[in-house]
Amino acid sequence: METEATAYLAVVADPDRCLTMLNKYPLAKAVLVQYNTSLPSSAAVERLFSVGVQIATAKRNQLSNSNFEKLLLLKANEMTV
């Protein structure tokens, strides 16, 4: 990886600034894809918040954080089955 990173940094004067230039550097491309990939949508997070509202009711205001998290995960996993 070190030699590939050095080669990548050495081509700063390379006029090719497209992402296709990463095909020359497969390890750098793999790292970019792994750490620079965004989530496709926020739907899963929105579902989690809507489930959280159903659990955090006035009658359950004494729940500890750990119990709330357990109930939230149980309910969210139940919905995906």
| said: I need the full set of residues from region 33-81 which are among the hydroxyl-bearing types (Ser, Thr, Tyr), within 30 Å of Asn23 (Cα to Cα) and at pLDDT 80 or above, in order please. | reply: Tyr35
| message | For region 7-32, give me each residue that is of a type outside the set (A, V, I, L, M) and modelled with pLDDT of 75 or more. | response | Cys18, Thr20, Asn23, Lys24, Tyr25, Pro26, Lys29
| message | Could you go through region 17-34 and let me know if any residue there is loosely packed, with under 10 Cβ neighbours inside 10 Å and under 16 Å from the mean Cα position of the chain (by Cα). | response | yes
| message | Report every pair of residues separated by at least 6 positions or lying on different chains whose Cβ atoms are under 6 Å apart, first residue within region 59-81 and touching a residue at least 24 places away in the same chain (Cβ under 8 Å), second surrounded by 12 or more Cβ atoms within 10 Å (Cβ to Cβ). | response | Leu72/Gly52; Leu72/Ile55; Lys75/Val51; Ala76/Leu48; Ala76/Val51
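The values are calculated or read from the model by the stated rules, or taken from the named source; none is laboratory data. This one's a predicted model, so the numbers in the text were calculated from it and none came from an experiment. We place every Cβ from the backbone using ideal geometry, glycine too, and count neighbours over all the protein chains shown.
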